[in-house]
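Each remark here refers to the structure printed beneath this line.
The values are calculated or read from the model by the stated rules, or taken from the named source; none is laboratory data. Given the structure is predicted, the values throughout are model-derived calculations rather than measurements. Quick reminder, even Gly has a Cβ in these numbers, built from the backbone with ideal geometry, and neighbours come from all protein chains shown. Just the protein is used for accessible areas: all its heavy atoms, side chains included, with ligands, DNA and RNA removed. Shrake-Rupley method; radii C 1.70, N 1.55, O 1.52, S 1.80 Å.
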Amino acid sequence: MAFPAISIYSFLYLYPALSNLLYSTQRWDGVTKPEFVGLTNFVHLLTNDDLFRKVLGNNIRFTIIVVVLQTSLGLLFATFLTKNTKTTIFLRTVYFFPTILSSVSVGLIWTFLYDPNYGFINATLKAIGLDKLALNWLGDSKYSLYAVAFTQIWFHTGQMVVIYVAGLQQIPAELYEAAEVDGATRWQQFKNVTWPMALPTTAVVVAYTTIQTFRAFDLIYAMTQGGPLNSSDLLVTMVYNTAFVGYKFGYAATQTIFLVLLVMLVTWLQRRVLRTNDGTKK
Amino acid sequence: MIYKIFKNSMLTIFAAAILVPSSIVILGSFKSDVEIYTKPLALPLHWNLNNFRTLIATGSVWTPFKNSVFVAVFSVLITIFLASMVAFAIARSITITGKVLFAMFSIGLAIPGQVNIIPIFTLFTKLHLNNSLYGLILVNIALTLPISVFIISAFFRDLPKELFEVASIDGANQWRVYRSIAMPLARPAVGATSIFLFVICWNDLLYPLMLINELGKKTLPLTLIDFRGEFATSYSMLFTAIMVASIPMVIMYLLFQRSFIAGLTAGAVKG
């Protein structure tokens, strides 16, 4: 019964993943005969590629900003919306809404909002007299990465709220009652009950968001295509450009291998850290 | 008191941050470009479907719409069919086979799909599956099989083993047990997974961008990207196209909200 799935999966997932290893040892423009170059691509990537270093830095910054803000906003809104009332259910529905849109739609909507001349954000800023803050959000290499990160957070925070709400609803109400009896303030309740009890959910949210930010492509491609001057270029957009703009297929394959190793390393580290904090496993 | 003010203002700001851009797009699809620039949040001067008519008349959106429906529907149906059979085999097998199968598909969860960009492109070009909607369906199936197997087999594992055993004793073969017992029981899990997959396939840009360049084969996200260049300054056309691309999702979201949230959340939690 499993045979059809296994054959498709082997042929179109496992086999390509293996052949990627082979491509990574080649110099190849995608058209002419590939040339075997051994580990040259890896050496070049790690020692002599300024663009790669810049993009890696971008991606790490992007990941940290998005993970920190998206996780804390998700938890904050979830603590506000844990109970099931008409208002909270309505707000959760609104917050979740962007999740169902495509990255391309979201990217293009925000391209309009950020538009330096006609965009909604700058029009609003100018209307309230803050002309100085009306910046060229996507067109200035100083701000583009942050502008894109902000959109990513707008896009996915609602999903994290819903995941957190599911987690927080599992916390026994007696714990809060006991804390109240002891006279704990709201902050103390959060620190001593909500935060430790929600740690497993936090682990999930952080891991998911991290992977999402290392795989980000569609949104960046729709908004800036990595520009200006590679200021918002992330790893996957770089791989895409290496292959389909620069026609260096072998080198792009090497980059994807690095990407995969990096994602695995980061998720492994996070799992270790969050598990030790959790205290359930050592 | 301070807490209340903080809470309510945060909740209102975030709700506005989502509702305002959404309203700009919805209202904008009834406006001219000038109206969008000058009064993005005002109600349109004329409520008419001229933008939609123009978009359909130029033919630039209807074909991609059909392509997207075709690719998403078949990708999801086939993936669910294949993945549920694997999940069933994993759940039913008491021998080592189940574990091996499960391990095999877990590898796919550990390796991000992006590792396959280059090899899929070269393989599909060799097989002349580029510029083909069938090619896209195949890519979608391969990429989403691991996560689907994972979610559905987690569901099967929780079902009592006796259910299947009784049926087997009564003489039903595996196929029968799968079709008449396992699948009907798994309907909620399968429904949520289907929606999760549908959203992925409907919204994907990377693989269509790589594999499709023939105009008649483009999907909606690709067409939207082209719009940015083609109607460089026409946000009214762009917003109308975004509406066309999003309406099916919005309708599904309003109809199947529970499965939607369950599906997209399960996808995140388990992936």
Task: A:GLN26 long-range amide H proximity, modeled H, under 5 Å - done: A:VAL37
Task: Most mobile listed residue (B:LEU220, B:LEU49, B:LEU209) in chain B, GNM with C-alpha springs under 10 Å - done: B:LEU49
Open item on the list: Please give the Cα centre distance for region B:58-90 versus region A:29-93, rounded to the nearest Å.
Closed with: 27 Å
Task: Segments B:142-154, A:225-237 sorted - mean Cβ within 10 Å per residue, highest first - done: B:142-154, A:225-237
Open item on the list: Highest mean first, how do A:97-104, A:58-65 rank when packing is the count of other Cβ atoms within 10 Å averaged over residues?
Closed with: A:97-104, A:58-65
- [ ] Give, to the nearest whole percent, the P(r) tail of chain B beyond 29 angstrom, counting all Cα pairs.
- [x] 48 percent
Task: Average beta-carbon neighbours from other chains, 10 Å sphere, peptide A:125-137 - done: 0
Open item on the list: Compute, for region B:1-140, the length of the dipole vector about the Cα centre, with Cβ point charges of +1 (Lys, Arg) and -1 (Asp, Glu) only. Units Debye, rounded to 20.
Closed with: 280 debye
TODO: Using a Gaussian network model of chain A whose springs link C-alpha atoms within less than 10 Å, name the residue from A:THR87, A:THR224, A:THR32 with the highest mean-square fluctuation.
DONE: A:THR32
Open item on the list: Can you find, among B:PRO188, B:SER84, B:ASN116, the residue sitting farthest towards the positive end of the charge dipole of chain B, where Lys and Arg contribute +1 and Asp and Glu -1 at Cβ?
Closed with: B:PRO188
TODO: Would you calculate the volume per residue, in Å³, of the smallest convex hull containing every Cα atom of region B:2-48?
DONE: 72 Å³
Task: Cα centroid separation, region A:229-252 to region B:1-35 (Å) - done: 36 Å
- [ ] Take the cross-link list B:LYS66/B:LYS126; A:LYS83/B:LYS7; B:LYS66/B:LYS218 and give me the ones stretching past 18 Å between alpha-carbons.
- [x] B:LYS66/B:LYS126
TODO: Provide a whole-number value for the mean count of partner chain Cβ atoms within 10 Å of the Cβ atoms in peptide B:70-82.
DONE: 1
- [ ] For region A:154-212 and region B:103-173, write down the distance between their C-alpha centroids in whole Å.
- [x] 33 Å
Task: Value at 222 nm in deg cm²/dmol, rounded to 500, when DSSP H runs of n ≥ 4 in chain A each add -39,500 (n - 2.57) - done: -21000 deg cm²/dmol
TODO: Please average, across the residues of A:78-85, the number of beta carbons from any other chain that are within 10 Å of each residue's own beta carbon, and give a whole number.
DONE: 1
Open item on the list: Using the Cα centre of chain B as origin and beta-carbon charges of +1 (Lys, Arg) and -1 (Asp, Glu), tell me which of B:LEU43, B:GLN257, B:ALA57 is placed farthest towards the positive end of the dipole.
Closed with: B:GLN257
TODO: Assuming a ≥ b ≥ c are the square roots of the Cα gyration tensor eigenvalues, decide whether region A:37-278 counts as rounded (a/c under 1.5), prolate (otherwise, with a/b larger than b/c) or oblate.
DONE: oblate
Open item on the list: Straight-line reach from B:LYS99: which aspartates and glutamates fall under 19 Å, measuring Cα to Cα and dropping same-chain residues less than 8 apart?
Closed with: B:ASP158
Open item on the list: Among B:ASN130, B:ASN48, B:ASN203, which one shows the highest mean-square fluctuation when chain B is modelled as a Gaussian network with alpha-carbon springs under 10 Å?
Closed with: B:ASN48
Task: For chain B, accessible area per residue (1.4 Å probe, heavy atoms of protein chains only), Å² - done: 45 Å²
Open item on the list: Can I get the semi-axes of the protein assembly as shown's equivalent ellipsoid? Compute them from the C-alpha gyration tensor as square roots of 5 times the eigenvalues, in angstrom, largest first.
Closed with: 35, 33, 26
Open item on the list: For the interface of B with A, what's the total buried accessible surface in square angstrom, probe 1.4 angstrom, rounded to the nearest hundred?
Closed with: 7200 Å²
